[in-house]
Each structure stands twice: as structure tokens, then as C-alpha cells.
Amino acid sequence: MRVLQVSAEIFPLLKTGGLADVAGALPAALAQAGADVRVLLPGFPALLEGLQEPALVAEIHAPWGEPARLLFGHLPALGGLPGYVVEAPNLYGRGGNPYQDEHGQPWADSHRRFALLGFAAARLAEGLDGWWAPQVVHSHDWHAALVNAYLAFSPHRPPVATVYTVHNLAYQGLFGPGHLAELGLPHTALAVEGLEFHGQLSFMKAGLFYADHVTTVSPSYAREIQTPEQGCGLQGLLRARAALGQLTGILNGVDRRVWDPAADALIARRFDKDKLAGKAHCRKALQAEMGLEPRPGPLFGMVSRLAGQKGLPLLVELIPELVARGGQLVTLGSGDAGIEAALREAAAAHPEAVAIRVGYDEALAHRIFAGSDVTLVPSLYEPCGLTQMYGLRYGSLPLVRRVGGLADTVVDCTLEDLAERKSTGFVFDAFDAGEMRRALRRAFALFARQTEWKTVQRRAMAQHFGWDDAAEQYMALYRALGT
Ligand code: ADP
Ligand code: GLC
């Protein structure tokens, strides 16, 4: 089974969020399950530099005439994974992140940057590389979605199956309808049954409408996006695809090569569920590093993009109470300036108990999961969420809202679930500070009973959220689409 994975980011070369973790872990898991996997990436500097011994596959011209080169090589940072990179210095050779410039503004030519990625994927599917052509093109999020439209309108559609995975329905890649011709797509594509969304050109819809099969990253989110509350206006189309059996939720996994407290070189001391002494050491080290007093109460950690999705206002409201109860809080994140300011204010008011680091720091993220007792993920919505799974793995019990992938991965400490040995964390329902407060109180109550706490902690650490399961499900899907 020859599979081409197409995405805008990939860990460890370029990451802004969970998409990169998935793109970096899924290929190896699919290879393990027997697939012949290659990735296709845009030529951002970090991705071009990651490509070893690049060889020219072909010169291509974007639909608007811009020349680009398709390179093939191996990615040593990903265990030698074979990969194609689209080299187009005018489009990709700049700083900032893949989606925004240094000032946080979306790049004015994002439609071209990501259309070229989809266009190159379609050309590969049509046989551009004489040595290798995919049987399945699996694209991720709106940045890669246009491949599905290019293939749908390809004059000689090759025998290739297309799978499109939605990682976050809220980011849709909407552009002015006037760009359609420049992107080389026929005007008939700008229809409700096509790429049109409220008069705009939607890259997201290229995946949702034209892919043979749509997946998303948890079973709960697959259901939620069929409702007006979470469908972002696309629930009708999603319901129609689901009715045809063409929408599936496949839960993400944890990359054990990166997230394993027993082998993690980035943490103060290694530990596992049978030897938790190392975790106590990591906790002390984290308090010291963040300038917190060495208090005995529960240490809460949060590693997150500071975005509306992530539910930070609930946390900010509860910080005084969390501190009054003897808790401490460490947050690492970047994004929204207002949220950042509110967290800084809380840290200034309680320097002995609250610390915030603004920025992106992969190693500190590891130290927070290892050193904290509770991982906070009070999201408004969450397609899958990875940090709650990292928390589980590192014995930092997740406190989450019951939504999306969070609902699928964490079991609350209710008396009955504790009795039935199922509990792995703390879960609340309504997006409301009062509800979250009750979950926090459950966390404090369990923490006060250390024997029970350790039992739940060991159970959390024993959870298996592996990429092997996800890879089997994707393989079954690829086979069912049969090419
Ligand atoms: P999302 O993709 O919506 O941001 P996920 O939970 O799926 O949420 O994935 C977030 C990923 O990004 C995790 O690997 C998390 O550890 C990481 N991350 C988020 N913010 C930071 C940060 N400031 N520094 C380091 N890692 C971060
Ligand atoms: C998105 C979602 C997150 C998910 C990640 C990887 O960024 O916001 O919930 O875990 O993609 O699929």
C-alpha cells in the first residue's frame, strides 16, 4: 500500500501544534503496519534543511505560472522517512511561522503557498515521479486539502484514493472567490456542491467535499461536527458524508519515541508507574526552575496555545481559589495577548504559587508533564487534544472538559468509576467556571488521599493510546477504499 501523507508541518522539524505531532508519528506507525509511506511537505526553510541529499524529481509550474522544484530525499530527523519537498523560495523562503508573519498577520499569499502543496500532491498522484506513485493520498487540514479538488478535476484522474483528515474545523482557509482561476480550478468548482462557503473559496471544503473519505481525530469530535454548535456552518455537508459512511473518527495516539517518562532525556529524572520516586524529583526541579515555593499541595500544569479554544478564561477565574486551597500552577504557552496578560497578572499576584512562561519550549513542556500532578485542558472544544494524553503518560492526571477527544480519553474520579477502577483524571461538563471549580475540588480531595491518588496515577500511566491502533484503523480504511 503506497501512501502519500501531505501536511504543512511535521515534528520535530516544524511544529505549531498537535498537527505536527500527528504528521511526525503517523508515517512510522503506518510503515510498521506494512504501508510504503512517503510524506509531501512545503519547502519552508526548516523542512528543506531537514531533507537529506535532495534529488530533483521534476520542475513544475504552479497554475499561476510560478516555477517550483519537487525534491525527493530522506528525513534523518524522522528516522530516514522518505519525503518530497516543494521548493519555491518566493513562496516559502521566509521567517515567521507557516501561517503568519512575524507580526502575527496571516501571510497575504497563503492561498498560493498552500495551493501549491495540494497541486504538487495531485501531480505526484498522476505519476510525476516515475519511480513511485501513491495509491492513497492522505491530506491533513485545510493547508493540504486542495489536492482533493485538483484530483477531482484532473483530466485523467489516476486510480488513487483520497482521505482527508480534519484536525480542527475552525481553521478553514477561506479566501476571496476571485482567486479561483489563478489557482487553476474551473468556475464550476465555486458552488455549494464544491468549494464555495458563504461566497468565499474554502480550502477546507476541498477536503470535506471532494475527498473519498473524511476522518477526524476522535470519535466524539466526528459526532460533534455534525451539529450546529460545532459544525462551523459545515454540519450539513458533514452529516451527509456521515450518512454515506464517509466520515470516521480515529483517535490520535502518543508517540512513545518522544513521550516516555522512562526514557525521556529532557526531564530531571526518569520514572515509570512502578518507580514513581523520579516523578517527585521532577516535581521539585520544576518548582525550583519556575521560581515557586516548594509547597506540598497539588501542582497544576498547562501547556497550550493561548487561544479561545483552550478555555483559559475559566482557569484565570479560578486561580485565586486554586492558590487559596494550597495549589500551585505552571503554564507554558503563547498566542492571544489578552490571555497572556491575565496569566502574567495572576503570576505577579501569587509569585510563590503561579508561574507563566510565554513562548514555545519543547523541553520545558516535557518537564511540566513530568513535574506536575495535574494537567489542565479545560477546552471549549477539542478535536482530539494531545496534552491530556501526555499528562496521562507522565502520571499528571488530566483535568479536562468533557468534549471531543478529551471525552474519549479521560475518565472522571466519580465514586463509582473509582470503585470500578476506571478513573484516570477529572472531567467536567458545562463550559463554566463553577463546573470546573467542582472538578478542581475533586482533584484536591483525591490528592489529599495519597494512596488512592497513586492508584489512579498508575492506572493513568498504564493507558495505551498507541499509534499502532490508529494506524490499523487508517490501514483498514485505505484498504476499504480499495485502489
Ligand atoms: P493543538 O494542536 O490544538 O494546539 P494539541 O493538544 O493537539 O493541541 O497539541 C498541542 C501540542 O503542542 C502538544 O505537543 C503540546 O505539548 C505542544 N505545545 C503547545 N504549546 C506549546 C508551547 N508553548 N511550548 C511547547 N509545546 C507546546
Ligand atoms: C488540532 C486540534 C487538536 C488535535 C490536533 C492533532 O490542532 O486542535 O485537538 O489534537 O489537531 O490532531
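Quick notes
- Residues that are touching an Asp or Glu at 6+ places or on another chain (Cβ under 7 Å) and aromatic (Phe, Trp, Tyr), drawn from region 443-460: Phe447
- The residue list His213, His198 contains one member that is in the same structural domain as Val163 (by TED's automatic domain parsing), in contact (Cβ under 8 Å) with a residue 24 or more places away in the chain and crowded, with 16+ Cβ neighbours inside 10 Å, which is His213.
- Between Ser334, Ser372, the distinction of being in the same structural domain as Met290 (by TED's automatic domain parsing) and at pLDDT 95 or above belongs to Ser372 only.
- Flag for Leu440 being more than 18 Å from Thr375 (Cβ to Cβ) and part of a helix (DSSP H, G or I): no
- Test: Ala181 is within 24 Å of Ala307 (Cβ to Cβ), outside any strand (DSSP E or B) and aliphatic (A, V, I, L, M): no
- Taken as a whole, the structure places Leu71 among residues that are hydrophobic (A, V, I, L, M, F, W, C) and either within 16 Å of ligand 2 (Cβ to nearest atom) or in contact with an Asp or Glu (Cβ under 7 Å, 6 or more places away or on another chain) (or both).
- Of all residues in region 185-216, exactly one satisfies the criterion of being out of contact with any helix residue (DSSP H, G or I) (no Cβ under 6 Å at 6 or more places or on another chain) and within 16 Å of ligand 2 (Cβ to nearest atom), namely Thr215.
- Every pair of residues 6+ apart whose Cβ atoms lie under 8 Å, when the first sits in region 216-233 and is over 12 Å from Gly404 (Cβ atoms) while the second is away from ligand 2 (no atom under 16 Å from the Cβ) and in a loop (DSSP other than H, G, I, E, B): Gly233/His198
Table: residues versus (1) under 20 Å from Leu286 (Cβ atoms); (2) under 27 Å from the mean Cα position of the chain (by Cα).
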| site | (1), (2) |
| --- | --- |
| Leu322 | yes, no |
| Leu329 | yes, yes |
| Asp336 | no, yes |
| Ala342 | no, yes |
| Ala347 | yes, no |
| His350 | yes, no |
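- Members of region 236-255 found to be within 21 Å of the chain's Cα centre (by Cα) and either part of a loop (DSSP other than H, G, I, E, B) or closer than 21 Å to Ala206 by Cβ (or both), listed by number: Leu238, Leu247, Thr248, Gly249, Ile250, Leu251, Asn252, Gly253, Asp255
- For the residues Ala280, Ala268, the requirement of being closer than 30 Å to Pro351 by Cα, crowded, with 16+ Cβ neighbours inside 10 Å and of a type in the set (Gly, Ala, Ser) singles out Ala268.
- Tally, over region 349-380, of residues that are crowded, with 24+ Cβ neighbours inside 10 Å and within 16 Å of ligand 2 (Cβ to nearest atom): 6
- The number of residues in region 33-58 that are farther than 15 Å from Ala8 by Cβ and surrounded by 15 or more Cβ atoms within 10 Å (Cβ to Cβ) comes to 8.
- Residue that is farthest from Thr215 (Cα to Cα), among those in region 116-143 that are of a type outside the set (A, V, I, L, M, F, W, C) and assigned to a loop (DSSP other than H, G, I, E, B): Gly130
- Test: residue in region 111-129 that is among the small types (Gly, Ala, Ser), in the same structural domain as Leu247 (by TED's automatic domain parsing), surrounded by fewer than 22 Cβ atoms within 10 Å (Cβ to Cβ) and on the phi < 0 side of the Ramachandran plot: no
- Any hit, region 388-396, residues being crowded, with 24+ Cβ neighbours inside 10 Å, in the same structural domain as Val303 (by TED's automatic domain parsing) and closer than 30 Å to Pro228 by Cβ: yes
- Residue match in region 35-45 (condition: within 23 Å of Ala68 (Cα to Cα) and among the small types (Gly, Ala, Ser)): yes
- Among the residues examined, Leu406 qualifies as under 30 Å from Lys15 (Cα atoms), modelled with pLDDT of 95 or more, outside any loop (DSSP other than H, G, I, E, B) and not assigned by TED's automatic domain parsing to the domain that holds Tyr171.
- Only one entry of Gly233, Gly291 meets the criterion of being within 30 Å of Thr162 (Cβ to Cβ) and either exposed (fewer than 15 other Cβ atoms within 10 Å of the Cβ) or among the acidic types (Asp, Glu) (or both), and that entry is Gly233.
- Region 1-20 - residue that is of a type in the set (A, V, I, L, M) and outside any helix (DSSP H, G or I) and, of those, farthest from ligand 2 (Cβ to nearest atom): Met1
- Cβ-Cβ under 8 Å pairs, at least 6 apart or on other chains, region 289-310 side free of Cβ contacts under 8 Å to residues at least 40 places away in the same chain, far side more than 16 Å from ligand 2 (Cβ to nearest atom) and part of a loop (DSSP other than H, G, I, E, B): Pro296/Gly326
- Look at (1) more than 16 Å from ligand 1 (Cβ to nearest atom); (2) more than 30 Å from Pro186 (Cβ to Cβ); (3) free of Cβ contacts under 8 Å to residues at least 40 places away in the same chain and you find that Gln32 fails only one, number (3).
- In the condition set (1) of a type outside the set (Lys, Arg); (2) more than 16 Å from Ile368 (Cα to Cα); (3) assigned by TED's automatic domain parsing to the domain that holds Glu340, Leu244 is compliant with all but (3).
The values are calculated or read from the model by the stated rules, or taken from the named source; none is laboratory data. Just so you know, these numbers come straight off a predicted model, no measurement behind them. Neighbour counts run over all protein chains shown; Cβ positions are idealised from the backbone, glycine included.
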